[in-house]
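Following: one structure in structure tokens, then a few remarks.
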Amino acid sequence: MRRAMTTQQRLKELFLYDPLTGVFTRRVRTANSVYVGDVAGTTTGDGYTQIKVDGVDYLAHRLAVLYMTGDWPDEDVDHEDLDKSNNVWLNLRPANQSLNNANKPLQSNNKTGFKGVSLHNGGPKYRADVKIEGKKKYLGCFDTADEAHVVYMLAANDLYGSYARSA
């Protein structure tokens with residue numbers, strides 16, 4: 001049986017959220033080791049802040065949306081600055097999976113140093129691709145990685161606007 005998700009009312013009974021710092025603090029004592037005013041949450045292995053509410057773990061950025069709007073986010077919540085622990089209200093924005101992926105940094109295995117650019121068939125030309133709804137769209141082949149990256153960024157900006165990240 002699936003548990004009902006917490007409500008804004010319950011969240012505000014237990015915690016105070018500061019939209020300027022992104023920090024949740026405890027309003028009530030819920031255990032011997034928990035005190036009023038304590039900063040709530042722990043950091044997960046992948047860098048997100050997680051907070052336990054009535055025995056259920058929630059990601060703090062999703063709780064921030066509930067706290068501020070009264071509604072659970074319909075889709076993903078993107079950290080604009082890529083810092084998964086930065087839950088400042090102005091750093092959080094709604095995103096679908098495509099927008100969230102568009103805001104990811106350059107992958108560590110990228111050999112060209114440019115997002116959206118790879119060597120075409122092992123070189124010497126550079127290929128530009130952009131992902132749309134999880135599928136690669138070929139943008140062309142170019143003599144330099146810089147040229148391919150310019151074309152990628154034009155397409156990414158058209159598709160994703162402020163979510164497009166160049167590196």
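Points to keep in mind about this one:
- Principal-axis tilt of helix 60-69 within the chain, Cα atoms, nearest 10 degrees: 70 degrees
- Signed unit charges on C-beta, dipole axis of the chain, positive-most listed residue Tyr160, Leu92, Gly122: Gly122
- Working from the Cα coordinates of the chain, the gyration tensor eigenvalues give, after taking √(5λ), semi-axes of 41, 15, 13 Å in decreasing order.
- Point-charge dipole on Cβ atoms (K/R +1, D/E -1) for the chain, about Cα centre, debye to 20: 400 debye
- The long axis of helix 145-160 is offset from the longest Cα principal axis of the chain by roughly 50 degrees.
- The charge dipole of segment 103-167, taken about its Cα centre with unit charges on the Cβ of Lys, Arg, Asp and Glu (plus for the first two, minus for the last two), comes to roughly 280 debye.
- Here the relative contact order of segment 80-142, from alpha carbon pairs under 8 Å that lie six or more residues apart, stands at 21 percent.
- Residue-averaged 222 nm ellipticity for the chain, from DSSP H runs of 4+ at -39500 (n - 2.57), nearest 500: -7000 deg cm²/dmol
- Restricting attention to the chain, the count of lysine pairs at 8 or more positions apart or across chains with alpha carbons under 17 Å apart stands at 12.
- The residues Met153, Met5, sorted by heavy-atom accessible surface at 1.4 Å with ligands and nucleic acids left out, run Met5, Met153 from largest to smallest.
The values are calculated or read from the model by the stated rules, or taken from the named source; none is laboratory data. Keep in mind that what you see is a predicted model, and the values were worked out from it rather than measured. Here the Cβ is made from the backbone with ideal geometry for all residues, glycine too, and neighbour counts use every protein chain on show. Accessible surface areas use protein heavy atoms only, side chains included; no ligands, DNA or RNA. Shrake-Rupley method; radii C 1.70, N 1.55, O 1.52, S 1.80 Å.
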